[in-house]
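Asks: Structure below; questions to follow.
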């Protein structure tokens, strides 16, 4: 068996994070406590370079919805002490844009292959809608939808699309017959005219 | 009638349910770990209130952030109050938002479009 050079690996991770301008990478259980820790970490960081209020709000909002999607919708979730949920997944936040002026949030989690078509159709539908269409869909879902026992309202992705004004980027990578890996990239572009 | 007060935290709002005066308030941040267990008792109190409401009901909403699960619950709350407005009681929702927070302003306007209750918008 090939021996792993962990010392080199750490350095490689470090370089990869810098090269990709990732400011936070996490893989594992996503709980409410982690959601709160990551959002406050990111808020503090944005405060340290006086990020403007509107960008801060948008990043915060998208982070919460993405992390809650992971904790509630990831296939591999657990019920915590009879209250709250935790799902497994990967969460990344990084800078993007020509002058690093924008942000993007990337998530990945396992979903049942059988659920892929429905999920994909939903994402496509969101991406086809304009500002007004998204607003109407949000209102419709709020009126007609009901909260799942995990506290999902089916509004997170619609809301992300509305708040950022960017199309959602996604992919489904087939792991095997039962499982697929769902990735989502959300961009928060400065001065995006929504 | 007693006044129910819930002190807010970094992820749950301050809630005041003054059923004796007909005044209801929600302020702060709302992204509870378990939206159902947090808002369940609140919804229950409001449901009881609308059985024998005051002539005038005032709802003050001054949230600086709420997640989408909370947005659904806020609609449920407003729909309860809409029921008594339809019965001819006076119901006013005061919706507060920070001046530059367009998303929060828009959220208020959307609720006003969905529920048939008088809304007054305020900046703070």
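Asks: Multiplying the sequence separation of residue A:41 and residue A:26 by 0.36 nm and subtracting their Cα-Cα distance, what value in nm do you get?
Replies: Full extension of this stretch gives 4.1 nm more.
Asks: I've got another one for you. Go ahead and estimate [θ] at 222 nm for the protein assembly as shown from helices alone: -39,500 (n - 2.57) per DSSP H run with n ≥ 4, summed, over the residue count, rounded to 500.
Replies: For the protein assembly as shown, the value works out to -14000 deg cm²/dmol.
Asks: Here's something else I'd like to know. May I ask for the Kirkwood hydrodynamic radius of the protein assembly as shown, worked out over all distinct Cα pairs and given in angstroms to one decimal?
Replies: 21.1
Asks: For region A:84-128, what number results from the quotient of the Cα radius of gyration and 2.2 N^0.38 Å?
Replies: With N residues counted in region A:84-128, Rg over 2.2 N^0.38 Å equals 1.55.
Asks: Among B:64, B:101, B:18, whose mean-square fluctuation peaks in a Gaussian network model of chain B (Cα, cutoff 10 Å)?
Replies: Highest fluctuation of the listed residues: B:101.
Asks: For peptide A:33-39, how many partner chain Cβ atoms fall within 10 Å of a residue's Cβ, on average?
Replies: 2
Asks: How far apart, in nm, are the 7 Å Cα→Cβ label points at residue A:143 and residue A:121?
Replies: Reported label-point gap for residue A:143 and residue A:121 is 2.2 nm.
Asks: So, one more: Along its three principal axes, how long is region A:6-188 when you only count alpha carbons? Whole Å, largest extent first please.
Replies: Over region A:6-188, Cα extents along the principal axes are 49, 38, 32 Å.
Asks: For chain B, just say rounded, prolate or oblate: build the C-alpha gyration tensor, square-root its eigenvalues into a ≥ b ≥ c, call rounded for a/c under 1.5, and beyond that prolate if a/b exceeds b/c, oblate if not.
Replies: Judged from the Cα gyration tensor, chain B comes out oblate (a/c at least 1.5, b/c at or above a/b).
Asks: Same structure, new question: If you count the DSSP beta bridges with both ends in the protein assembly as shown, what percent of them are antiparallel, to the nearest 5?
Replies: Close to 70 percent.
Asks: With r as the distance between the Cβ atoms of residue B:52 and residue A:13 and R0 = 41 Å, compute the FRET efficiency 1/(1 + (r/R0)^6) and round to 0.05.
Replies: The pair residue A:13/residue B:52 has a calculated efficiency of 0.05.
Asks: Please work out the Kirkwood hydrodynamic radius for region B:46-97, using every pair of different C-alpha atoms, and report it in angstroms with one decimal place.
Replies: 11.8
Asks: What share of the DSSP beta bridges in chain B is antiparallel, in percent to the nearest 5?
Replies: Taking every DSSP beta bridge with both residues in chain B, the antiparallel ones total about 30 percent.
Asks: While we're on this one: Between residue A:50 and residue A:183, what is the FRET efficiency for a Förster distance of 22 Å, r being their Cβ-Cβ separation, to the nearest 0.05?
Replies: The calculated FRET efficiency here is 0.10.
We did not get these values from a lab; they are worked out from the coordinates using the rules stated. A quick note: this is a predicted structure, and the numbers were derived from the prediction, not measured. Counting neighbours? That spans all protein chains shown, and the Cβs are built from the backbone with ideal geometry, glycine included.
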